[in-house]
Amino acid sequence: GESVGLHLPTLSVQEGDNSIINCAYSNSASDYFIWYKQESGKGPQFIIDIRSNMDKRQGQRVTVLLNKTVKHLSLQIAATQPGDSAVYFCAESQAGTALIFGKGTTLSVSS
Amino acid sequence: DTGVSQNPRHKITKRGQNVTFRCDPISEHNRLYWYRQTLGQGPEFLTYFQNEAQLEKSRLLSDRFSAERPKGSFSTLEIQRTEQGDSAMYLCASSFPTAGGTVYYGYTFGSGTRLTVV
């Protein structure tokens, strides 16, 4: 079926390091991608999005990279902070249909 | 209006009972989505509305589930004859599509309603 998957279920980093969270997607027709952060007991929080006609987009301390050739999406977090500890999900959609989420990567930041 | 509001935050019910959840989206958002999330998994799409019209339903939305958005503002999700497998977090999101109906603005999620069926 069509789904979004993540390479690693957990990632542990030291405070101040850069973090890279990866995601592989299977639907080559997907044209919109989003990264979400979810803290325990809360709803997903939008981090950054990217359209399929772009390969890179930057926000504040975050960068999303899209490689359509290998259907790969990544989220880079610069100078990771303890407050970045959470579960991160990538999600995809095609032509305005509903978002499909992957299983998530748990990021743990130690100080 | 600072975000998507969901009520109640928590609901414990006995198996076989009916439950109803409410979602109030961001006021200018005309699309509203319902998702279900179980522990350790990503949110799973259930259904979505554009204004008052229900445009898509997932296969996950069994006959026991019904969603409404009568005036194109708030929405309700009802589960009839609840089962233990219905225990999950139910999330609501809203969005504002760009011209042509394609959503390029990130969805905004509420904090969810956690349902426990005992």
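Assorted remarks:
- Taken along the Cα-to-beta-carbon direction at a fixed 7 Å, the label points for B:Gln54 and A:Arg61 span 4.2 nm.
- In sequence order, calculated HN-Hα J values of segment A:40-50 (Karplus, 6.51, -1.76, 1.60; Hz; x Gly/Pro): 4, x, 10, x, x, 10, 4, 10, 6, 10, 8
- For segment B:27-118, applying the loop criterion from DSSP together with a ceiling of 12 other beta carbons within 10 Å to the GluC sites (Glu not before Pro) yields B:Glu28, B:Glu83.
- Checking the Cα-Cα distances for A:Lys68/A:Lys103; A:Lys37/A:Lys103; A:Lys68/B:Lys57; A:Lys42/A:Lys103; B:Lys11/B:Lys71 against a 23 Å cut-off, the pairs over it are A:Lys68/B:Lys57; B:Lys11/B:Lys71.
- Amide hydrogen neighbours beyond the local backbone of B:Leu46, cut-off 5 Å, H modeled: B:Trp34, B:Tyr35, B:Arg36
- Ranked B:Lys71, A:Lys103, criterion: other C-beta atoms within 10 Å, fewest first: B:Lys71, A:Lys103
- By the count of neighbouring beta-carbon atoms within 10 Å, fewest first, B:Ser27, A:Ser74, A:Ser19, B:Ser75 end up ordered B:Ser27, A:Ser74, A:Ser19, B:Ser75.
- J(HN,Hα) series, segment A:78-87, from Karplus relation 6.51 cos²θ - 1.76 cosθ + 1.60, nearest Hz, glycine and proline x: 8, 6, 4, 10, x, x, 7, 4, 4, 9
Rule-based calculations on the coordinates, nothing more; no lab input. Quick caveat, the model's predicted, so the values are computed rather than measured. Cβ coordinates were reconstructed from backbone atoms using ideal geometry, including for glycine residues, and neighbour counts include every protein chain displayed.
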